[in-house]
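Participant: Following this message is one structure expressed as structure tokens.
The values are calculated or read from the model by the stated rules, or taken from the named source; none is laboratory data. Everything numeric in this text was worked out from a predicted model, so none of it was measured. Backbone-built Cβ (ideal geometry, glycine too); neighbour counts: all protein chains shown. The area values use the complete protein model at the heavy-atom level, side chains included, leaving out ligands, DNA and RNA. Shrake-Rupley method; radii C 1.70, N 1.55, O 1.52, S 1.80 Å.
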Amino acid sequence: VRARAYLILGSQATVTAEAAWLDQNLAPFGVIDAPVDDAEVSGTQTVRGWALDNKGVTGLELWIDGARATSLGYGSSRPDVCLVWPQYPGCSAVGYSGSYDFSGLSACQHLLEVKASDGDGNVRVIARKRVTVTH
């Protein structure tokens, strides 16, 4: 077993280097709780969810149809998330939210994306939802 593990994983130095690289390059992850998929939205709506990262989330932004729309506030209490994902930095203050006025968008489907960044400079789209703007 040890010989096979060595052949699969490599030496201690290799494993240590790979673990350090992974620790530095893990990007944030999370979800959009609201609005729900395929929701009909109009006027000002709240966008909310949660985000986690092994080094802590440093920023969140809402993007609509590939363009930055607004920053989202981070740090609201989400103990439910930390029951599933314990030992992440900042638990249980991992919720985010913000408001966006959809009235300036055309009455059709739009793609919402939430981008999260961390202290290592990693940025990732953590969640996507399609919504329909109605007027």
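Participant: Given only helices, namely DSSP H runs of n ≥ 4 each adding -39500 (n - 2.57), what is the per-residue ellipticity at 222 nm of the chain, to the nearest 500 deg cm²/dmol?
Facilitator: -6000 deg cm²/dmol
Participant: Of the labelled options [x] 66, 27, 25; [y] 45, 37, 32; [z] 59, 34, 28, which one gives Cα extents along the principal axes in Å as computed for this structure?
Facilitator: Only one option fits the structure, namely [x].
Participant: Taking N as the number of residues in region 24-102, what value does Rg over Cα atoms divided by 2.2 N^0.38 Å take?
Facilitator: 1.14
Participant: Follow-up. Normalised by the number of residues in region 24-135, what is the relative contact order in percent for Cα pairs under 8 Å and 6+ residues apart?
Facilitator: Here the relative contact order equals 38 percent.
Participant: If you don't mind, there's one more thing I want to ask. To test your reading of the geometry: what angle, between 0 and 90 degrees and rounded to tens, separates the Cα axis of helix 12-25 from the longest principal axis of the chain?
Facilitator: Between helix and principal axis, roughly 10 degrees.
Participant: Measure out, as a whole number of angstrom, how far apart the alpha-carbon centroids of region 79-97 and region 21-66 sit.
Facilitator: Computed from Cα coordinates, the inter-centre distance equals 14 Å.
Participant: Magnitude of the Cβ-charge dipole of the chain, K/R +1 and D/E -1, about the Cα centre, nearest 20 debye?
Facilitator: I would put it at about 360 debye.
Participant: Can I ask one more? Roughly how many Å² is the accessible area per residue of the chain, as a whole number, for a 1.4 Å probe?
Facilitator: On a per-residue basis, the chain sits at 58 Å².
Participant: Mind running the shape call on region 93-135? Use the C-alpha gyration tensor, a ≥ b ≥ c as the square roots of the eigenvalues: rounded below 1.5 for a/c, prolate if a/b tops b/c, oblate otherwise.
Facilitator: Working: a/c = 3.08, a/b = 2.20, b/c = 1.40.
The shape class here is prolate.
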